[in-house]
Amino acid sequence: MPDSDDTWNEDVRGETETERLDRNWSTLIQELRVVQTGVQFLISALLIVPFQASFATLSHPLRVLYLVTLCAAIGATVFLVAPVSWHRILFRRHRLGNVVAAAHRCAMAGIALLGIALTGAMVLVVTMVAGTFGGVLAGVTIAVLFLVAWLLTPLFWRGSSEPDVTNQ
């Protein structure tokens with residue numbers, strides 16, 4: 001498959017492999033900038049929660065959910081920032097192909113963990129405001145929304161259509 005992608009990029013875009021890697025890296029870094037800001041904001045909000053008076057009233061299951069949510073948010077940060085570290089460490093070592101390929105996998109892992117963290121945060125907040133049933137309903141709704149918007153829709157497009165040569 002990489003050969004067909006390389007051939008497509010060369011034929012349609014007139015790109016060399018190096019130009020393609022540079023474009024892929026630039027696109028990925030721009031995407032990570034957008035996502036990292038949201039994750040960092042979420043972590044900052046989560047870090048102050050245990051210092052609130054109402055935290056003491058949380059049930060054991062909600063405390064576990066809080067810890068899972070916090071760990072998912074921090075894990076998302078690890079995966080979303082790792083490519084920047086790799087790029088700095090491997091700068092001028094001609095390893096961009098390795099960095100782009102691994103950064104793609106890290107971005108996917110980071111996005112998955114972000115979805116888990118956002119779902120957990122939603123459950124925590126809605127449970128505190130509307131009760132357990134509302135929290136579970138909100139969590140299921142958000143999880144389904146993430147699955148449809150972040151996974152199923154692009155997988156559908158990936159499997160059902162030819163590449164759009166005008167917009168890539």
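The values are calculated or read from the model by the stated rules, or taken from the named source; none is laboratory data. A quick note: this is a predicted structure, and the numbers were derived from the prediction, not measured. As a convention, Cβ positions derive from the backbone with ideal geometry for all residues, glycine included, and neighbour counts pool all protein chains shown. Just so you know, the surface numbers come from the protein's heavy atoms only, side chains and all, with ligands and any DNA or RNA stripped out. Shrake-Rupley method; radii C 1.70, N 1.55, O 1.52, S 1.80 Å.
Determine which member of the set Gln36, Gln40 is assigned to a helix (DSSP H, G or I), open to solvent by less than 90 Å² (accessible area, probe 1.4 Å) and at pLDDT below 95. Criteria check complete, one pass: Gln36. Residue under question is His87, and the condition is that it be modelled with pLDDT under 85, surrounded by 12 or more Cβ atoms within 10 Å (Cβ to Cβ) and outside any loop (DSSP other than H, G, I, E, B); does it hold? Judged against the criteria, His87 is a match.
For the stretch 20-30, filtered to residues that are exposed (fewer than 14 other Cβ atoms within 10 Å of the Cβ) and over 19 Å from Arg93 (Cβ atoms), the residue that is modelled with the highest pLDDT is Gln30.
On the stretch given as the stretch 7-47, residues that are touching a helix residue (DSSP H, G or I) at 6+ places or on another chain (Cβ under 9 Å) and closer than 30 Å to Leu70 by Cβ total 14. Filtering Arg23, Arg63 for residues that are part of a helix (DSSP H, G or I), of a type in the set (Lys, Arg) and within 14 Å of Val125 (Cα to Cα) leaves a single hit, Arg63. Are any residues in the stretch 43-83 exposed (fewer than 10 other Cβ atoms within 10 Å of the Cβ) and either in contact (Cβ under 8 Å) with a residue 40 or more places away in the chain or of a type in the set (Lys, Arg) (or both), and if so, which ones? Selection gives Ser54 alone. The single condition among (1) surrounded by 14 or more Cβ atoms within 10 Å (Cβ to Cβ); (2) modelled with pLDDT of 95 or more that Val144 does not satisfy is (1). Restricted to the stretch 90-111, and to residues that are in a helix (DSSP H, G or I) and free of Cβ contacts under 8 Å to residues at least 24 places away in the same chain, which residue is farthest from the chain's Cα centre (by Cα)? So the residue we want is Asn98.
Close contacts from the stretch 129-147, counting a first residue that is under 26 Å from Ala109 (Cβ atoms) and a second that is modelled with pLDDT of 95 or more and open to solvent by 40 Å² or more (accessible area, probe 1.4 Å), with Cβ to Cβ under 7 Å and a gap of 6+ residues or different chains, come to Ala138/Met122; Gly139/Met122; Ile142/Leu118; Ile142/Met122.
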